[in-house]
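What follows is a single structure, written as structure tokens, with notes after it.
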2 protein chains.
Amino acid sequence: MKIIHLGGLGEVGKNMTLFEWNNKILILDVGLMFPEENMPGVDCVIPNIEYLKGKEQNIVGVIFTHGHYDHIGAVPYIFKSIIKPHVPVYAGPLTKGIILKRQEDVPHQPRLIINEITPNLKLDFGEIKVEFFPQAHTIPDNFGIVIKTPNGNIVHTSDFKFDLTPMYGTPTNFDQLKSIANEPTWLLMSDSTGAEDEGHSMSEKVIFENLDTIFSQAKGRIIASSFGSLINRIQQLIVLSEKHGRYVAIDGSTIKTNLEMCRNLGYMKFEKGTIISPKKIQDYPENKVTLICTGAQGEQQAVLMRIASGEYPYLKVKKGDTVIFSSSVVPGNERSVQNVKDEFYRQKANVYHYKMMDIHASGHAKKEDLREMINIFKPKFFMPVHGQYSMLSNHAMIAQEQGIPENNIVLAENGQILSLKKDYFKIESQTVPANYVMVDGLGIGDVGEVVLRDRQTLAEDGIFVIISIVDHKTGKVRNSPDIISRGFIYLRESKDLLAETRKKVVNIIHRTTGSGGAVNWNYTKNNIRNELGEFLFRKTQRRPMVLPVIIEV
Amino acid sequence: MKIIHLGGLGEVGKNMTLFEWNNKILILDVGLMFPEENMPGVDCVIPNIEYLKGKEQNIVGVIFTHGHYDHIGAVPYIFKSIIKPHVPVYAGPLTKGIILKRQEDVPHQPRLIINEITPNLKLDFGEIKVEFFPQAHTIPDNFGIVIKTPNGNIVHTSDFKFDLTPMYGTPTNFDQLKSIANEPTWLLMSDSTGAEDEGHSMSEKVIFENLDTIFSQAKGRIIASSFGSLINRIQQLIVLSEKHGRYVAIDGSTIKTNLEMCRNLGYMKFEKGTIISPKKIQDYPENKVTLICTGAQGEQQAVLMRIASGEYPYLKVKKGDTVIFSSSVVPGNERSVQNVKDEFYRQKANVYHYKMMDIHASGHAKKEDLREMINIFKPKFFMPVHGQYSMLSNHAMIAQEQGIPENNIVLAENGQILSLKKDYFKIESQTVPANYVMVDGLGIGDVGEVVLRDRQTLAEDGIFVIISIVDHKTGKVRNSPDIISRGFIYLRESKDLLAETRKKVVNIIHRTTGSGGAVNWNYTKNNIRNELGEFLFRKTQRRPMVLPVIIEV
């Protein structure tokens, strides 16, 4: 059995994992990552599927663990080029709904046929069988998988937390986990996201009770924002609103879509008449309304930001209103979230966020839970997955503490090939391509290192284009060179600098072309680029991208 | 008395505050802020000093509370334009050293004369006197100030924490605080940075003990990194190294400069022979060496990053080495720090960071300390300063809980004018300029909204310059237009798109100039910009900056 992680951007095995045996390939998840700060303009980063090119006929199935974008989001970019129409695809009902909705939103996508995963589904790929078990997370229909092989089971936990009282999700079924563990576990692949966090993860029940306290004390409107994909939390907020006699307005497209989908599947329950249109907020007494919306990450275009800046037409925040940020802050978003929070404080709202009180719980198991998971399965081999390398390392240490020998722990990175044999494993010396594939607009993978580096340079100090018209008979520059510059300096206030620059360029052209003979324009341009770059740096301590253009007429 | 905060970038009153009475102005601190993520290429943001232009002769003195850059860093950009040579300047000995060092590093700076603040210094500005009291923080020579006025004292805490056992800094002198509080406090201005954090701030003693444990267990080299300005922590690391028989190599320019300066002042103590050159690390047994370096924020060029990437010539990390991140992570740096951490885990080092164990303490008082500070001074008026608005708001709530009437609490922002009278205050309706002044290279304030917006656009989708030569007699485009594009798409792979673009531009020029009569080139260019922008967006879903150039020959 070979196991390969294709996706990544820092996190190992998060987006897409291959199980390969006897020329058969089973794919687990096809997700995306959101770009890092140094990837301006990039929409998302998707798994590199080079390795699968030419092996399309080997693919025997695709399984999705759950409906979060880091597990399903790359479908529109990858699927049609590698998954042939006859290949069976499996996903839980909500996951299926989310994938199909996304296919509708992206043009030119094939209609996908997706088989529904139910707790009792068994798949048969010849020598390999696959079964499923529900796992608590922050979204319904999250499944761990058991790959049954002649050498024992491979168990993949999916993203998970232990929660016996998740309020409106599936509680962890320890009996089922133990019954799966009755068969020998050859390899356990377990979610490492919380491996650096001490203790046990918090139950959604605690969150519910804390939110209940906030609701009890709230006298004005409640504006509650969370991730659109945190389905269970949204259900909690609706239930609490009903309990406290509040009508609920919902705004923000992901949240609205997910609500609709979950309602149709019977996963989201509320009384008839609870939900009102945001337009009607003004028609209700202030202590009778909750607005649930997107924007807890401080996203520029989200509803919460528009409320904060006073641009939201249906509600202006004032003293006595309550604003709840019921989500953690994704690294990189701290400042925007802080700015939104500051705005609400200025408007005299009562602001609650997860650092003040437990109104958000992670969807991932922490150290002590991870330890328990390893104890339940007592696997022969252990492979930490899902997380940055530091999390995998800490997870590996936990496994060692639980008695897994260091030599039986697989620390593999994206693109590495794990060859797993009955009694040993090795990481192959060759790797498969796993570099970032960036999506920008309609382009997939065409924004590479070059374009990205250019964007970074442009962002730092802008661009300086200088265009010279040269008379091809005399070799002299006609008129004065044209300068176009953006993001460098404010041109209107830099007349002297520009005049000096023009003179310099004319001199360089005359000097480098003056010797007669065939003119080497590249040589001239290089001279302009270097000398001008140095000159501008000396004058401004900035390094704009210098682009010389010479046109012979 | 008028009080005005000029600096900022989100934090109120952090960088520069004016006290103005009877046409006299006393300045407290002249600091800078580091830019936010949406300010590419910007080096720093400094206070707007418009308000002081024309009032230079009113300035009676400048006082620096302590030597951190957010309190002294704008001196080279601001001082010479507003502070006349005869105006007295005051700073603690280390603060003075840091300011003068910085003046040396920036060219064309006047020689400053700085008077040293000692605990007993008293300044006399006529009806106003000023006295000082030492405050514990993370750097020596941090002073709170007492402005004595006929209406009572104005007490400014500076950045501070309460710490009775700071190990190598000044312990909080509660007796002195209480004796100052024996006189009526008209206004207390207090550091709000920790106002959202529960409890008391942690003593450096706890940090010292935890670091001691790590040192006891370390078998290989220790690489410890922190902020270069966390002088007390660096002293701790040196003392611990001596205790455990380790020699200390120091690398990274801020850390080296600060060490030198502190040593000369007698603030940093170590035995002769403790410090070794980084070049000599290899000459010592692995369990006898500590390297203290910069880079705990994941800065690209810092020593720690070079060690992580294997480019540091004097030390390669291997199994058994210990890496300590002894600082918090500044928002925006999480990902880079995570990446550095991951590298060290890959290299099998033992990694310690502040989330795992208390090896960093903030330099700022937390809720219960702030409460105590208010109780000590029992001020008539209270003004939270230093912090984002949410911190000020929380600090204001603490003050209310301690019995300060809501009407006596001043929540003023940068640029607002507080008019403080004996028995009441008001925030003036007019404000002073407080917009961001950005420094980029040698330019101060010349990077404005326009340049910044251009840089953001360039970063997102790049630039597309199209140059057409038009025959002024025929009005026809000569040859084919030239295209220069950067950061948009990879040109070599986009030949068809470029050909289509050229054709489109030629058509637009011929169409818009074809009617005869005087040609309006701006009209033509606008047409190119709009139509081409739309065309490229349709083809790529990207919006590069389109710059049409038309040259008549």
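The values are calculated or read from the model by the stated rules, or taken from the named source; none is laboratory data. Since the structure is predicted, the reported quantities are computational estimates derived from the model, not experimental observations. In this analysis, Cβ positions are derived from the backbone assuming ideal geometry, glycine residues included, and neighbour counts consider all displayed protein chains. Note: areas computed on protein heavy atoms with side chains; ligands, DNA, RNA excluded. Shrake-Rupley method; radii C 1.70, N 1.55, O 1.52, S 1.80 Å.
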*Restrict the check to the stretch A:24-31 and report whether at least one residue is over 21 Å from the mean Cα position of the chain (by Cα), open to solvent by less than 30 Å² (accessible area, probe 1.4 Å) and of a type in the set (Val, Ile, Thr).*
yes
*Which members of the stretch A:494-506 meet the condition of being surrounded by fewer than 19 Cβ atoms within 10 Å (Cβ to Cβ), away from chain B (no Cβ under 13 Å) and among the hydrophobic types (A, V, I, L, M, F, W, C)?*
A:LEU498, A:ALA499, A:VAL506
*Considering (1) in a helix (DSSP H, G or I); (2) free of Cβ contacts under 8 Å to residues at least 24 places away in the same chain, say which one A:GLU311 fails and leave the rest.*
(1)
*asked:* Against the definition (open to solvent by 10 Å² or more (accessible area, probe 1.4 Å) and modelled with pLDDT of 95 or more), how does B:GLU116 come out, yes or no?
replied: yes
_First in the stretch B:47-76 and farther than 30 Å from B:ASN258 by Cα and in a helix (DSSP H, G or I), second anywhere and among the polar types (S, T, N, Q) and open to solvent by 20 Å² or more (accessible area, probe 1.4 Å), Cβ under 8 Å, 6 or more apart_ = B:ASN58/B:ASN23
_Out of the residues in the stretch B:481-493 meeting the condition of being within 8 Å of chain A (Cβ to nearest Cβ) and surrounded by fewer than 18 Cβ atoms within 10 Å (Cβ to Cβ), tell me which one is farthest from A:ILE467 (Cα to Cα)._
B:GLU493
*So A:LYS243, is it of a type in the set (Lys, Arg), over 20 Å from the mean Cα position of the chain (by Cα) and over 26 Å from A:TYR284 (Cα atoms)*: no
*Are any of the residues in the stretch A:238-246 open to solvent by less than 10 Å² (accessible area, probe 1.4 Å), under 21 Å from A:THR95 (Cβ atoms) and not in a strand (DSSP E or B)?*
no
*Based on what the data block shows, is A:GLU104 out of contact with any strand residue (DSSP E or B) (no Cβ under 8 Å at 6 or more places or on another chain) and open to solvent by 20 Å² or more (accessible area, probe 1.4 Å)?*
yes
*Could you grab me the full set of residues in the stretch A:507-553 that are open to solvent by 30 Å² or more (accessible area, probe 1.4 Å) and aliphatic (A, V, I, L, M)?*
A:ALA518, A:VAL519
*Which of (1) among the β-branched types (Val, Ile, Thr); (2) crowded, with 16+ Cβ neighbours inside 10 Å; (3) out of contact with any Pro (no Cβ under 8 Å at 6 or more places or on another chain) does B:THR254 not meet, given it meets every other one?*
(2)
*asked:* Can you go through A:LYS280, A:LYS269 and tell me which one is outside any strand (DSSP E or B), open to solvent by 10 Å² or more (accessible area, probe 1.4 Å), of a type in the set (Lys, Arg) and within 19 Å of A:ALA136 (Cα to Cα)?
replied: A:LYS269
*Does A:GLN402 qualify as being free of Cβ contacts under 8 Å to residues at least 40 places away in the same chain, more than 8 Å from every other protein chain (Cβ to nearest Cβ), of a type in the set (S, T, N, Q) and open to solvent by 50 Å² or more (accessible area, probe 1.4 Å)?*
yes
_Selected residue (only one of A:GLY61, A:GLY31, A:GLY10 is under 21 Å from A:THR431 (Cβ atoms), modelled with pLDDT of 95 or more and not aromatic (Phe, Trp, Tyr))_ = A:GLY31
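Conditions tested, residue by residue: (1) in contact (Cβ under 8 Å) with a residue 24 or more places away in the chain; (2) in a loop (DSSP other than H, G, I, E, B).
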{"position": "A:VAL87", "(1), (2)": "yes, yes"}
{"position": "A:ARG111", "(1), (2)": "no, yes"}
{"position": "A:LEU123", "(1), (2)": "yes, no"}
{"position": "A:PRO140", "(1), (2)": "yes, yes"}
{"position": "A:ILE145", "(1), (2)": "yes, no"}
*asked:* Just the residues that are in contact (Cβ under 8 Å) with a residue 24 or more places away in the chain and either open to solvent by 60 Å² or more (accessible area, probe 1.4 Å) or of a type in the set (Asp, Glu) (or both), please, taken from the stretch B:257-266.
replied: B:ASN264, B:LEU265
_Of everything in the stretch A:326-380, what is closer than 24 Å to B:ALA396 by Cβ, of a type in the set (A, V, I, L, M, F, W, C) and not in a loop (DSSP other than H, G, I, E, B)? Give them in sequence order._
A:VAL337, A:VAL340, A:PHE344, A:VAL351
_Which condition from (1) farther than 24 Å from A:PRO544 by Cα; (2) polar (S, T, N, Q); (3) modelled with pLDDT of 90 or more is the one that A:THR474 breaks?_
(3)
*Which of (1) out of contact with any Gly (no Cβ under 6 Å at 6 or more places or on another chain); (2) aliphatic (A, V, I, L, M); (3) touching a residue at least 24 places away in the same chain (Cβ under 8 Å); (4) away from chain B (no Cβ under 11 Å) is the odd one out, the single condition A:ALA459 does not satisfy?*
(4)
*State which residue pairs qualify: first residue within 12 Å of chain B (Cβ to nearest Cβ) and touching a residue at least 40 places away in the same chain (Cβ under 8 Å) and inside the stretch A:29-41, second residue among the aromatic types (Phe, Trp, Tyr) and assigned to a strand (DSSP E or B) in any location, beta carbons under 9 Å apart, and separation of 6 or more residues or different chains.*
none
*Which of the residues spanning the stretch B:308-346 are farther than 30 Å from A:SER336 by Cα, surrounded by fewer than 17 Cβ atoms within 10 Å (Cβ to Cβ) and within 14 Å of chain A (Cβ to nearest Cβ)?*
B:LYS319, B:ARG346
*May I ask you to list pairs of residues, at least six apart or on different chains, whose Cβ atoms are under 9 Å apart, with the first in the stretch A:167-193 being closer than 30 Å to A:ASN210 by Cα and the second being basic (Lys, Arg) and open to solvent by 60 Å² or more (accessible area, probe 1.4 Å)?*
A:MET167/A:LYS205; A:TYR168/A:LYS269
*Taking the stretch B:426-455 only, how many residues are open to solvent by 70 Å² or more (accessible area, probe 1.4 Å), more than 7 Å from chain A (Cβ to nearest Cβ) and at pLDDT below 90?*
5
*In the stretch A:175-200, how many are within 30 Å of A:MET356 (Cα to Cα) and either over 28 Å from the mean Cα position of the chain (by Cα) or open to solvent by less than 20 Å² (accessible area, probe 1.4 Å) (or both)?*
4
_For the condition buried (at least 24 other Cβ atoms within 10 Å of the Cβ) and closer than 27 Å to A:VAL447 by Cβ, what is the one hit in A:PRO110, A:PRO47?_
A:PRO47
